[in-house]
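The structure under discussion appears below in the form of structure tokens.
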Amino acid sequence: MVRSSELTQRIDLQTGDVLSGAYGEDSVTWQLWKTVWASVKPQAGSERIRADKLDGAQRFLIKIRYLAGVLPTMRIKHKAVYYQIEGITNVNSRDRVLELVCTVDNGATA
């Protein structure tokens, strides 16, 4: 169970629609799905090698009250930062709390 006093941050859960342009390029348009109270806490960072470059990904654990329909294809906006959802856990499978493991989406635009 998560206490109300722990959920002190407002976050926006957004869904993405993929649109094809005139030249066949795809773009994603993000739209607000729900605004909820959350706990946003940084976790240990990790470093990976991607395309011969060192990639330091900062992970965050975002906790919210259980909400049906949250998908890993969504993204989260918290203040001016966008997060990509990497994983979703329904804590103890009790439909009370969702833990969202996220990384900062550095390429995100409004």
> Applying the selection to the stretch 74-90, what residues are without any contact (Cβ under 8 Å) to a residue 60 or more places away in the chain and among the aliphatic types (A, V, I, L, M)?
Replying inline: ALA80, VAL81, ILE85, ILE88
>> Which residue is farthest from VAL81 (Cα to Cα), if the candidates are limited to the stretch 28-56 and must be at pLDDT 85 or above and basic (Lys, Arg)?
In response: LYS34
> Among the residues of the stretch 8-24, how many are acidic (Asp, Glu) and either surrounded by 10 or more Cβ atoms within 10 Å (Cβ to Cβ) or at pLDDT 95 or above (or both)?
Replying inline: 1
> Taking interchain pairs and intrachain pairs at least six residues apart, which have beta carbon atoms under 7 angstrom, with the first residue in the stretch 1-27 and closer than 22 Å to GLN84 by Cβ and the second assigned to a loop (DSSP other than H, G, I, E, B)?
Replying inline: LEU13/VAL70; LEU13/MET74; GLN14/MET74; THR15/MET74; GLY16/THR73; SER27/GLY21
>> So, in the stretch 76-97, exactly how many residues are out of contact with any helix residue (DSSP H, G or I) (no Cβ under 7 Å at 6 or more places or on another chain), assigned to a strand (DSSP E or B) and either aliphatic (A, V, I, L, M) or loosely packed, with under 12 Cβ neighbours inside 10 Å (or both)?
In response: 5
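The values are calculated or read from the model by the stated rules, or taken from the named source; none is laboratory data. Keep in mind it's a predicted model, so treat the numbers as computed, not measured. Counting neighbours? That spans all protein chains shown, and the Cβs are built from the backbone with ideal geometry, glycine included.
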